[in-house]
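Beneath this line is the structure, given in structure tokens, with notes to follow.
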Amino acid sequence: MRVIEIIHTIAKMQSYADQSRGKGNIIVFVPTMGYLHAGHLSLMQEGLKHGDDLVVSIFINPTQFGPGEDLDAYPRDLERDIELVRKEGTKALFTPEAKEIYGSHYQTYVALDKLPDHLCGISRPIHFRGVATVVAKLFNIVKPHIAVFGQKDYQQLIVIRQMVKDLNFDINIIGAPIVREPDGIAMSSRNSYLTPRQRICALSLYESLLNARRLVESGEKDAVKIIAAASDLIKSHPETTIDYIAVCDSETLDEVQIIEQPVLMALAVKVGTTRLIDNMILKP
Ligand code: PAF
């Protein structure tokens, strides 16, 4: 049976990292908020291709949830998660309490200037400040050489890449492809909120991306038309409320009107009360 070290304190995690580095290991880090699914496990598998000491964190980070969001309801199952990460070959699991990460009088945040003013950042104005802050802290605690993030949270991935570049973290960031359920829906811990009926409606996110890809591949260049087609498709399903559908530059996230090179199409849709996101690169 594989042994996994379960660590709750910053001091212990940092000393684990120092020892691992001292032995010459390459530390690969997969930060998560738990309630793991095959998408998370694929990040761990990708990580192990690049390093030898896989460290996973499970921490539901309060600073990335806005008022009225699902912080308290966020699904949790630590015992099952421990079993899953152990099987993937994780050597250490860091799972601190919020008060360990944000001590009393906490007051330092990492906020990016431009990237959060797009896509999810518009309806979730403090989200990326919370993500960048906790990830910067986790990087200082886990001291990884490499960290793996999923492309499903595309904006998060490029926010982290930008932060790493701007703040000179000596960490290589790897983006891993979206993992989908057999029916095509992007894996997410939040899928567990969906009723069977809502799940069918949730498929419209992926269907609208596939449809956009077909349109672009057959010569459509007008982003307005592509967005309108996606919007019509999603709205034809009950219980869907579109937050945004965007066609944008894959690095700056600025909107693109005429598609002449690969672009990012990203969307966020509420199905019932569950907010889902998905994205795809469209290539003309
Ligand atoms: O993607 C997530 O699960 C979270 O945003 C992350 C990166 C673990 C930070 O809390």
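Mind checking which pairs have a first residue in the stretch 43-66 that is without any contact (Cβ under 8 Å) to a residue 40 or more places away in the chain and a second that is of a type in the set (Lys, Arg), Cβ under 8 Å, 6 or more apart or different chains?
Within 8 Å, the pairs are ASP53/LYS91; LEU54/LYS91; ILE60/ARG76.
Filtering the stretch 225-249 down to residues that are in a strand (DSSP E or B) and not acidic (Asp, Glu), which residue is nearest to ARG214 (Cα to Cα)?
VAL247
Is it true that ILE141 is in contact (Cβ under 8 Å) with a residue 40 or more places away in the chain, among the β-branched types (Val, Ile, Thr), assigned to a loop (DSSP other than H, G, I, E, B) and in contact with a strand residue (DSSP E or B) (Cβ under 9 Å, 6 or more places away or on another chain)?
no
Suppose the filter is among the β-branched types (Val, Ile, Thr) and either closer than 21 Å to ALA92 by Cα or within 13 Å of the ligand (Cβ to nearest atom) (or both); does THR108 pass it? If you could, list the steps in order and put the result at the bottom.
Working: among the β-branched types (Val, Ile, Thr): yes; either closer than 21 Å to ALA92 by Cα or within 13 Å of the ligand (Cβ to nearest atom) (or both): no.
No: the conditions fail for THR108.
Exactly one condition in (1) assigned to a helix (DSSP H, G or I); (2) farther than 15 Å from VAL271 by Cβ is not met by GLY219; state its number.
The one condition GLY219 does not meet is (1).
Out of curiosity, is GLY103 without any contact (Cβ under 8 Å) to a residue 40 or more places away in the chain, away from the ligand (no atom under 12 Å from the Cβ) and under 17 Å from the mean Cα position of the chain (by Cα)?
Details: without any contact (Cβ under 8 Å) to a residue 40 or more places away in the chain: yes; away from the ligand (no atom under 12 Å from the Cβ): yes; under 17 Å from the mean Cα position of the chain (by Cα): no.
So GLY103 fails the test.
May I ask you to list the residues in the stretch 8-36 that are within 16 Å of the ligand (Cβ to nearest atom) and either over 13 Å from the mean Cα position of the chain (by Cα) or part of a helix (DSSP H, G or I) (or both)?
ILE10, MET13, VAL28, PHE29, TYR35
Of the residues ARG86, ARG80, ARG76, which is among the charged types (D, E, K, R), at negative phi and outside any helix (DSSP H, G or I)?
After ruling out the rest, the residue left standing is ARG76.
Please state which one of ILE146, ILE122, ILE160 is within 22 Å of LEU267 (Cβ to Cβ), touching a Phe, Trp or Tyr at 6+ places or on another chain (Cβ under 9 Å) and away from the ligand (no atom under 11 Å from the Cβ). It would help to see each step written out before you state the result.
Numbers: ILE146 fails: within 22 Å of LEU267 (Cβ to Cβ); ILE160 fails: away from the ligand (no atom under 11 Å from the Cβ).
Of ILE146, ILE122, ILE160, the one residue that is within 22 Å of LEU267 (Cβ to Cβ), touching a Phe, Trp or Tyr at 6+ places or on another chain (Cβ under 9 Å) and away from the ligand (no atom under 11 Å from the Cβ) is ILE122.
Is it fair to say ASP70 is within 15 Å of the ligand (Cβ to nearest atom) and at pLDDT below 95?
yes
What is the residue count in the stretch 226-268 for residues that are within 24 Å of the chain's Cα centre (by Cα) and polar (S, T, N, Q)?
Residues that pass the stated criteria total 5.
Assess whether GLY39 counts as being under 24 Å from ARG124 (Cα atoms) and outside any loop (DSSP other than H, G, I, E, B).
Answer is yes for this residue.
The values are calculated or read from the model by the stated rules, or taken from the named source; none is laboratory data. For clarity, every value in this text was computed on a predicted model and none was experimentally measured. Methodologically, a virtual Cβ is constructed for each residue, glycine included, from the backbone with ideal geometry; neighbour enumeration extends over all protein chains shown.
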